[in-house]
1. Just the ratio, please: alpha-carbon radius of gyration of region 1-97 over 2.2 N^0.38 Å, N its number of residues.
2. Using the crude model of +1 on Lys and Arg Cβ and -1 on Asp and Glu Cβ, and no other charge, please compute the dipole size for region 157-233 relative to its Cα centre, in debye to 20.
3. Expressed in whole Å with the largest first, what are the equivalent ellipsoid semi-axes of the chain derived from the C-alpha gyration tensor as the square root of 5 times each eigenvalue?
4. Once you charge only the Cβ atoms, +1 for Lys and Arg and -1 for Asp and Glu, what is the size of the charge dipole of region 1-131 about its Cα centre, to the nearest 20 debye?
5. Scan around LEU171 for amide H atoms under 5 Å from its own, H built in the peptide plane at 1.01 Å from N, and keep only partners 5 or more places away or cross-chain.
6. Charges on Cβ only, +1 for Lys and Arg, -1 for Asp and Glu, centred on the Cα centroid of region 1-98; of MET1, ALA39, LEU29, which one is farthest towards the dipole's positive end?
7. Any idea which of GLN70, GLY219, ILE168 is furthest toward the positive side of the dipole for the chain, if Lys and Arg beta-carbons carry +1 and Asp and Glu beta-carbons -1?
8. Calculate the tail of P(r) for region 131-233: the fraction of all Cα-Cα distances greater than 17 Å, expressed in %.
Amino acid sequence: MINCLIIDDEPFARELLEGYVAKIPGLHLLGSCEHVFDALEVLQQQKVDLIFSDINMPQVNGIEFIRSLQNPPYVIFVTAYPNFALEGFELDALDYIVKPVSFPRFLKAVNKAQQILTSRPAAVAPPEPQFLFVKEGHSLQRVLFDEIYYIEGMKDYIKIILKNRIIITYLRMSRVEDQLPASRFTRIQKSYIVRMDAIRAISGNEAELYDLPEKLPIGKQHKEALLARFGLS
């Protein structure tokens, strides 16, 4: 089964591709997204093998989005603009379909993808990611784990404290916690997630971090687990 994802800001285009996907055995549609930011959430939570992506979309176009991914899935571009074809194939796109899309043309592209995906060698476990993407303004920012000191939750927003700047983005703490490697980050209080090797000292119910003057509170329900992570319990 090939897990696929549709990205297109036009409702009619998404509905058309959804219908085509439903007709083809072996395709499993994980999501149909209006914005690349929605698609990014799917990619971070599920294994996607194939993306059907429009190109000319607001904020971040399809080519920029695919280029921003560290290990992108296979992609078939579906667009009304043939002049983007060269850029698309430079990203190793499997195919480039110009709208309006007929079912035979779509099926031809999918058959090509199925041949490649079913003949590839068994996948080895991918390396643990070293970054995450977050939305800042109208762009996606790549945030390296090594640059994060801590993350502070502020209702539906989070504040990411980095070595050289601060990012505030619309994201819940539980969601960002799922994207961080548990081996490197820990929650020390309801509103704080800290990079483990950024902690310089634990003093009472506070954590002191390297290079930062502020001390972060340690919640009672988190202190025992925090100490255990350092072999101190």
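The values are calculated or read from the model by the stated rules, or taken from the named source; none is laboratory data. It should be emphasised that the depicted structure is a prediction, and the values quoted were computed from it without experimental measurement. A quick note on method: Cβ atoms are made from the backbone with ideal geometry, for glycine too, and the neighbour counts reach across all protein chains shown. In case anyone asks, the SASA skips ligands and DNA or RNA and just uses the protein heavy atoms, side chains included. Shrake-Rupley method; radii C 1.70, N 1.55, O 1.52, S 1.80 Å.
1. 0.97
2. 200 debye
3. 42, 18, 15
4. Around 580 debye, computed over region 1-131.
5. TYR157, ILE158
6. MET1
7. GLY219
8. Percent of Cα pairs beyond 17 Å in region 131-233: 49.
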